[in-house]
Structure formats: structure tokens, C-alpha cells
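Structure, as C-alpha cells:
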Amino acid sequence: MKRFSRFALVWLAVGFALAPLRAQEAPKKAPGPAPSQSEGVLDSWNEIGRKLIAMAQDFPEDKFSYKPQAESRTFVANLVHASASMYFFTDTSAGKKPRPLSYADDPKDVGVKTRADLVAFVTKCVEDGAAEIKAKGDKGLMETVDDGGPHLDRLYDLAYGLIAHSNEHYGQLVVYYRINGLVPPESRPKK
Amino acid sequence: MNKKLSFVFAALMLVPVALLGQEKAPAQSTPPANPITASEKGFYGFVSGAVVAAAQKMPEENYSFKPTPEVRSFGQLVGHVADASYSFCSQAIGEANPVKDIEKTKTSKADLMAALKDGVAYCNKAFDGMTDAKGSEMVKLFNFNIAKLTLFSINTAHTDEHYGNMVTYLRLKGIVPPTSESQPAPAPK
């Protein structure tokens, strides 16, 4: 089945910005074909990945250890956790047992000490998953796997499970930004 | 299973078992009818359930709480999620939006809880009439062509992000978020 993805949100935002210009143009071109299932998953994966990478590049390094409450994860631990868990999809999809760092919950677990380390780590987690989604394609994502849950899961669902997981942590980190008097990258005026 | 990924597993639990085969069987099983719709509904069921539970768990006196002046209060988050549910799901099924401005007009916990539950019920009803084939039909969203199922997908992602907001609001008030309730205390290092 063909469908657009959540990436459409970004497209919509860009579209609104350009609307006045577009209205003056002569006949609109028909929309191109909708992305395939795997392309839709890939767009969603990369979209939330892009937002997480942007935060890794942007949040003040001297606030990496900030946490809103004693039981909460620090900023950097939250980002490491959201990113590392992507390997639960990536490795399972590749037919491997998820690597131990899939469960990383502490920057020390993955050797992240500086912003550069964090950006590199988050970027690799996103890119490795994206490469796996591409490799699987539409047919491959419909394969079912034993991921340790009570029933088999399709890789498509596992990928979306991790995308959802990342979205939730992104939402937490947005509040971390706001509490520190900062505007999240996505909420700033677009240049 | 590591407790830290319980969110993912809990969400996957709601992907209909019957559609995937109740016994663990070799990979490459035949995809069920309407697999994409079933997946979307399962994930939405989990995420919307988490938001409703968070809204229920936050005491009414904290519905006006906001961590900084620039952001929505907890109650406004609840209203915003309800508004968005009606907006996205009504467009997905080609109906006029039946309920608007919840965020602007309701402030009490009882009213916001009711509105949120109604919004979720509206979306679930919308899912019930959906198939993968119908979901691939394009609809207009403003000036853009979007697949119907993608509207559900956007709604789920939107709900999920705001659930993440709520998690931190709850933590700031010393309340354990619903999706962390069943987790054991971390082992001492």
C-alpha cells in the first residue's frame, strides 16, 4: 500500500511558508507518487532521528546533566536511551540478538562524554537503523520475528514501536528545554 | 526483557495477536488482512491509553501547572490532544470536525477528561471503518494530498510527543508516569 509518512508534517510546514509564492504560480503539478511502506517507515525514522540529532547538537553542554527531578533521566541519559534502544529494531531486523548497548541508560555505557561523542552516537544509531530499513524494503519489513515478546512481531511494527518510543522521549526533552528557558530547535522560526 | 524498553513492548502487545498468529511460528508468515490499519490502531490504542491514564493520574490542582510561562499547562495539553484527535481523525474519514476548541474552553479535570476520552473514542470509531485500501486513498489536508492512514499516523505521533511532555510534568510533581508504574526499582549500582 502506498502512503505518505509523518514526514508530511515537515512538508506541510514548508508548504505553508511558501504558500503565498505558490499561489502566484501557474498550474500546479500533480503530486508525485506516495512513498511505499518502507519509504514511509524510513521517513518517520529519519524524521524523529533528525529531531534528536538536532537536540544533541544544540542543547548547552553545561546542562547535559540536567534532570527535572531526581527520578528522571538526565538530558544526556535520556537522549542516549532513546537512541541506543533503536538497535533493538536494527539488530533484530538483521537477525542478531540486540547488542548490549541497546539497553544503555547511562552515557558511560556507550562512551559518551562530550557533545561530539553524543552527536556521533545519536547519528550512528539513527543511520544504522535507516540503513536496515532500506535493506529490508517493503517485503522484508513484513517478516515476523521473535523479539522476546509474547507473540511474533512484524519488523514494520517493531520499527514503529521504536519510532513511537523516540517520539515520547523527544516530548520529554522538549520540556527539559523549556524548563531551562530554551526554545527547542523545532519551535524556532525557520530561516 | 529490559524494563527500559517496556514502552515498546507494551505498544507491540496491542498489535492484534490474532493477526500475527498466536503461536510463535517461523518468520515469513503471510501478512494479515489490513495489516497497516491494524498496526496503526494498536499503536494508537497504547498511546491514547497512556495519555488518558496520565490525565487521570494528575491531580486536578495541577491541571493549571506549567513548568514555564511560555508553554501549555497540563490541562491545556490534555485539551490540545483532544482537539487534535478530532481534527486528524475527522479528516481521515472525510467528516466535518464535530468538536473544536476544547483547549480554549475547558479547564476542569472532569471536563477535560471527558473530552479526551470522547476524542479517543471518536478516533477508535474512525479506525473501525478503515481498511488498508481505504487508508491509501488521498484526502486534502489544507492544500496537500495526504493518505488517510497517514493522518492517523500523524495523530499518533502527535499524541506520543505530548505524552512525553506529560511524563515530565508528572515527574516534576513527583508523580510516576503511567507507563513507568509497573517497573521495578532500579538495582543499585
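Which residues, counting only those in the range B:49-70, are more than 12 Å from chain A (Cβ to nearest Cβ) and touching a Ser or Thr at 6+ places or on another chain (Cβ under 6 Å)?
Listed by number, the list holds a single entry, B:Ser64.
Scan the range A:62-82 residue by residue and report those that are more than 12 Å from chain B (Cβ to nearest Cβ), part of a helix (DSSP H, G or I) and closer than 23 Å to B:Leu170 by Cα.
Across the range A:62-82, the qualifying residues are A:Lys63, A:Val76, A:Leu79.
Can you go through A:Tyr156, A:Tyr177 and tell me which one is part of a helix (DSSP H, G or I), in contact with a Leu (Cβ under 6 Å, 6 or more places away or on another chain) and aromatic (Phe, Trp, Tyr)? It would help to see each step written out before you state the result.
Numbers: A:Tyr177 fails: in contact with a Leu (Cβ under 6 Å, 6 or more places away or on another chain).
Among A:Tyr156, A:Tyr177, only A:Tyr156 is part of a helix (DSSP H, G or I), in contact with a Leu (Cβ under 6 Å, 6 or more places away or on another chain) and aromatic (Phe, Trp, Tyr).
Quick grid of which residues meet (1) out of contact with any strand residue (DSSP E or B) (no Cβ under 7 Å at 6 or more places or on another chain); (2) crowded, with 22+ Cβ neighbours inside 10 Å; (3) at pLDDT 85 or above:
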{"residue": "A:Val10", "(1), (2), (3)": "yes, no, no"}
{"residue": "A:Lys28", "(1), (2), (3)": "yes, no, no"}
{"residue": "A:Leu52", "(1), (2), (3)": "yes, yes, yes"}
{"residue": "A:Ala56", "(1), (2), (3)": "yes, yes, yes"}
{"residue": "A:Ser65", "(1), (2), (3)": "yes, no, yes"}
{"residue": "A:Gln69", "(1), (2), (3)": "yes, no, yes"}
{"residue": "A:Thr74", "(1), (2), (3)": "yes, no, yes"}
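Would you check if A:Pro150 is surrounded by fewer than 20 Cβ atoms within 10 Å (Cβ to Cβ), modelled with pLDDT under 90 and closer than 30 Å to A:Tyr66 by Cβ?
Answer is no for this residue.
Pick out the one residue from B:Val99, B:Val139 that is modelled with pLDDT under 95 and on the phi < 0 side of the Ramachandran plot.
B:Val139 is the lone residue from the list that is modelled with pLDDT under 95 and on the phi < 0 side of the Ramachandran plot.
Suppose we filter B:Ala133, B:Ala96, B:Ala82 for residues that are in contact with a Gly (Cβ under 9 Å, 6 or more places away or on another chain) and either farther than 22 Å from B:Val167 by Cα or touching a residue at least 24 places away in the same chain (Cβ under 8 Å) (or both); which single one remains?
Values: B:Ala133 fails: in contact with a Gly (Cβ under 9 Å, 6 or more places away or on another chain); B:Ala96 fails: in contact with a Gly (Cβ under 9 Å, 6 or more places away or on another chain).
Checking each option against the conditions leaves just B:Ala82.
To keep it simple, each residue is scored yes or no on (1) assigned to a helix (DSSP H, G or I); (2) surrounded by fewer than 21 Cβ atoms within 10 Å (Cβ to Cβ); (3) in contact (Cβ under 8 Å) with a residue 40 or more places away in the chain.
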{"residue": "B:Asn124", "(1), (2), (3)": "yes, yes, yes"}
{"residue": "B:Val139", "(1), (2), (3)": "no, yes, yes"}
{"residue": "B:Leu151", "(1), (2), (3)": "yes, no, yes"}
{"residue": "B:Asn155", "(1), (2), (3)": "yes, no, yes"}
{"residue": "B:Tyr163", "(1), (2), (3)": "yes, no, yes"}
{"residue": "B:Val167", "(1), (2), (3)": "yes, no, yes"}
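With respect to B:Val120, is the statement that it is under 25 Å from B:Gly42 (Cα atoms), away from chain A (no Cβ under 14 Å) and assigned to a helix (DSSP H, G or I) true?
Yes.
Output the residues belonging to the range B:133-169 that are of a type outside the set (Ser, Thr, Tyr), in contact with a Pro (Cβ under 9 Å, 6 or more places away or on another chain) and under 23 Å from B:Val47 (Cα atoms). Let's see the steps before the verdict.
Narrowing the range B:133-169 to residues of a type outside the set (Ser, Thr, Tyr): B:133-135, B:137-149, B:151-152, B:154-155, B:157-158, B:160-162, B:164-167.
The next check asks that each one be in contact with a Pro (Cβ under 9 Å, 6 or more places away or on another chain); those that pass are B:138, B:144-145, B:166-167.
B:Met166, B:Val167, listed by residue number.
Using the structure shown, decide if A:Lys97 is over 18 Å from A:Arg154 (Cβ atoms), among the charged types (D, E, K, R), in a loop (DSSP other than H, G, I, E, B) and away from chain B (no Cβ under 14 Å). Working first, answer last.
Details: over 18 Å from A:Arg154 (Cβ atoms): yes; among the charged types (D, E, K, R): yes; in a loop (DSSP other than H, G, I, E, B): yes; away from chain B (no Cβ under 14 Å): no.
It is false that A:Lys97 is over 18 Å from A:Arg154 (Cβ atoms), among the charged types (D, E, K, R), in a loop (DSSP other than H, G, I, E, B) and away from chain B (no Cβ under 14 Å).
Of the residues that sit in the range B:126-137 and are part of a helix (DSSP H, G or I) and small (Gly, Ala, Ser), which one is surrounded by the fewest Cβ atoms within 10 Å (Cβ to Cβ)? Even if it seems obvious, please write down each step before you answer.
Step one: list which residues in the range B:126-137 are part of a helix (DSSP H, G or I), which gives B:126-128, B:132-135.
Adding the requirement that they be small (Gly, Ala, Ser) leaves B:126, B:133, B:135.
Numbers: B:Ala126: 25, B:Ala133: 10, B:Gly135: 22.
So, considering only residues that are part of a helix (DSSP H, G or I) and small (Gly, Ala, Ser), the one surrounded by the fewest Cβ atoms within 10 Å (Cβ to Cβ) is B:Ala133.
The values are calculated or read from the model by the stated rules, or taken from the named source; none is laboratory data. Computed from a predicted model, the values in this text were never measured in an experiment. Every residue, glycine as well, gets a Cβ built from its backbone with ideal geometry; the counts of neighbours run over all protein chains shown.
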